[in-house]
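Peer 1: Below are the structure tokens for one structure; questions will follow.
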Amino acid sequence: MLGNPRTLLAKALRGRYAIGAFNVNNLEILQGVIRAAEAQRAPVIVQTSEGAIEYAGMTELLAMMHTAAKRASVPVVIHLDHGKNLDVVRAAIRSGYTSVMFDGSSLPYAENVARTRQVVRWAHANGVAVEAELGAIKGVEDFVSVAERDAAFTNPEQALDFVTRTQCDSLAVSIGTAHGAHKATGDITLDVARLRRIHALLPKTPLVLHGASSVPDDLVGATHLYCTMLGDCHRLEGAKGIPDAQTRLAIRHGVTKINTDTDLRIAFTAAVRETLIEDTTVFDPRKLLGPARDAVQTIAERRIAVFRSKWKT
Ligand SMILES: [Zn+2]
């Protein structure tokens, strides 16, 4: 069934669990994610980035997601991830997304407020929820000094002003997560003290964690094993994600939507690579992508277990 993002996130906030938001680029990933949510009896958010839309088309992706949502036995939210182009955001609002993210985090503060406010007006007039972002979500290595890192992270007082002025429904915060498979070189510790301050000032605003994949060793190991057999194994060296314990801690302090993309990509690739190397006679795309779909389901179920959204439909 199609889920209402506001109701689902409000319930998650009260119940101290998070809803998994999984990036979808094709049919197999979508099916893997929906099957995982149904197996866990968990509400789920399927989201497409501007990149996914460029790759597969908004109309095509929406048709697949709507069909899947309607047939699913659990609530499914259809979300636009990292909308930066206002034309794409507006098209998403008009076309049937139930929720959109407007990412104005790289803009000067006043402009982020003004554009987010505009998107909120368009979206709310169409019954669509808005996620906004304040603070830069980058790799830890991108910061030269502690002061620089501090400046990029979400400022709690500014977050309160931002949500009050924009009336956005949920807020993506920067507290030490990073996009991609290489989130840090050393240990990862999220700035939970900052998160607690934001949550204390905005107790009713669902907070969103981006760049939160776990990059599990066994999956990275699987891609390594098979790429070693190909004689080229550098791409995922040093890959590192957010430890599950850190994610659980964030959920205790207002985080109710957690994005996962990298973990799905790694699982998908490991499965395709395994099939291609284990059986060089395979040339049926279904035999390549079927196991990848199963791998996506497995990792999505693992994520849902960490988020504690099992049985929360
Ligand atoms: Zn993101």
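The values are calculated or read from the model by the stated rules, or taken from the named source; none is laboratory data. If you're wondering where the values come from, they're calculated on a predicted model, not measured in any experiment. No Cβ is skipped: glycine too gets one built from the backbone with ideal geometry, and neighbour counts run over all protein chains shown.
Peer 1: Could you list, in sequence order, all residues of the range 101-110 that are within 15 Å of the ligand (Cβ to nearest atom) and either out of contact with any helix residue (DSSP H, G or I) (no Cβ under 9 Å at 6 or more places or on another chain) or part of a loop (DSSP other than H, G, I, E, B) (or both)?
Peer 2: D103, G104, S105, S106
Peer 1: Additional query: So is G211 at pLDDT below 95, out of contact with any Leu (no Cβ under 9 Å at 6 or more places or on another chain), within 16 Å of the ligand (Cβ to nearest atom) and not charged (D, E, K, R) or not? Outline the logic, then answer.
Peer 2: Values: at pLDDT below 95: yes; out of contact with any Leu (no Cβ under 9 Å at 6 or more places or on another chain): yes; within 16 Å of the ligand (Cβ to nearest atom): yes; not charged (D, E, K, R): yes.
Against the criterion (at pLDDT below 95, out of contact with any Leu (no Cβ under 9 Å at 6 or more places or on another chain), within 16 Å of the ligand (Cβ to nearest atom) and not charged (D, E, K, R)), G211 qualifies.
Peer 1: Would you point out which residue out of A42, A52, A10 is over 24 Å from D103 (Cβ atoms) and modelled with pLDDT of 95 or more?
Peer 2: Numbers: A52 fails: over 24 Å from D103 (Cβ atoms); A10 fails: over 24 Å from D103 (Cβ atoms).
Selected residue: A42, the only one of A42, A52, A10 that is over 24 Å from D103 (Cβ atoms) and modelled with pLDDT of 95 or more.
Peer 1: Which of the residues spanning the range 163-183 are in contact with an Asp or Glu (Cβ under 7 Å, 6 or more places away or on another chain), of a type in the set (A, V, I, L, M) and outside any strand (DSSP E or B)?
Peer 2: I175, the sole residue that qualifies.
Peer 1: Additional query: Considering each residue of the range 184-201, count those that are in a helix (DSSP H, G or I) and surrounded by 19 or more Cβ atoms within 10 Å (Cβ to Cβ), and give that number.
Peer 2: Taking the range 184-201 as the starting set, the residues that turn out to be in a helix (DSSP H, G or I) are 192-201.
Checking which are surrounded by 19 or more Cβ atoms within 10 Å (Cβ to Cβ) leaves us with 194-195, 198-199.
Qualifying residue count for the region: 4.
Peer 1: Report whether or not F153 is in contact (Cβ under 8 Å) with a residue 24 or more places away in the chain, touching a Phe, Trp or Tyr at 6+ places or on another chain (Cβ under 9 Å) and away from the ligand (no atom under 13 Å from the Cβ). Lay out the reasoning, then the answer.
Peer 2: On the way: in contact (Cβ under 8 Å) with a residue 24 or more places away in the chain: yes; touching a Phe, Trp or Tyr at 6+ places or on another chain (Cβ under 9 Å): no; away from the ligand (no atom under 13 Å from the Cβ): yes.
For F153, the condition - in contact (Cβ under 8 Å) with a residue 24 or more places away in the chain, touching a Phe, Trp or Tyr at 6+ places or on another chain (Cβ under 9 Å) and away from the ligand (no atom under 13 Å from the Cβ) - is not met.
Peer 1: Just a yes or no: is a residue in the range 93-100 part of a helix (DSSP H, G or I), in contact (Cβ under 8 Å) with a residue 40 or more places away in the chain and in contact with a Gly (Cβ under 8 Å, 6 or more places away or on another chain)?
Peer 2: Here is the first cut: in the range 93-100, the ones part of a helix (DSSP H, G or I) are 93-95.
Cutting the leftovers down to in contact (Cβ under 8 Å) with a residue 40 or more places away in the chain gives us none.
No: zero hits.
Peer 1: Look at the range 169-208 and say how many of its residues are of a type in the set (V, I, T) and more than 16 Å from the ligand (Cβ to nearest atom).
Peer 2: Residues of the range 169-208 of a type in the set (V, I, T): 173, 175, 177, 185, 188-189, 192, 198, 205, 208.
After this cut, where a residue has to be more than 16 Å from the ligand (Cβ to nearest atom) as well, the list is 185, 188-189, 192, 198, 205.
Qualifying residue count for the region: 6.
Peer 1: With the checklist (1) in a loop (DSSP other than H, G, I, E, B); (2) modelled with pLDDT under 95; (3) not aliphatic (A, V, I, L, M) in hand, flag the one item C227 doesn't pass.
Peer 2: (1)
Peer 1: Is there a residue being touching a Ser or Thr at 6+ places or on another chain (Cβ under 6 Å) and at positive phi anywhere in the range 123-140?
Peer 2: Yes, the range 123-140 has at least one match.
Peer 1: Going through Y55, Y17 one at a time, which residue ends up being touching a residue at least 12 places away in the same chain (Cβ under 8 Å), of a type in the set (S, T, Y) and assigned to a helix (DSSP H, G or I)? Please lay out each step first, then the result.
Peer 2: Numbers: Y17 fails: assigned to a helix (DSSP H, G or I).
None of the other options fit; the residue is Y55.
Residues are listed down the side, and each one gets a yes or a no for (1) farther than 21 Å from R115 by Cα; (2) buried (at least 24 other Cβ atoms within 10 Å of the Cβ); (3) not polar (S, T, N, Q):
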residue: N4; (1), (2), (3): yes, no, no
residue: A12; (1), (2), (3): yes, no, yes
residue: S49; (1), (2), (3): no, no, no
residue: K70; (1), (2), (3): yes, no, yes
residue: A91; (1), (2), (3): no, no, yes
residue: S95; (1), (2), (3): no, no, no
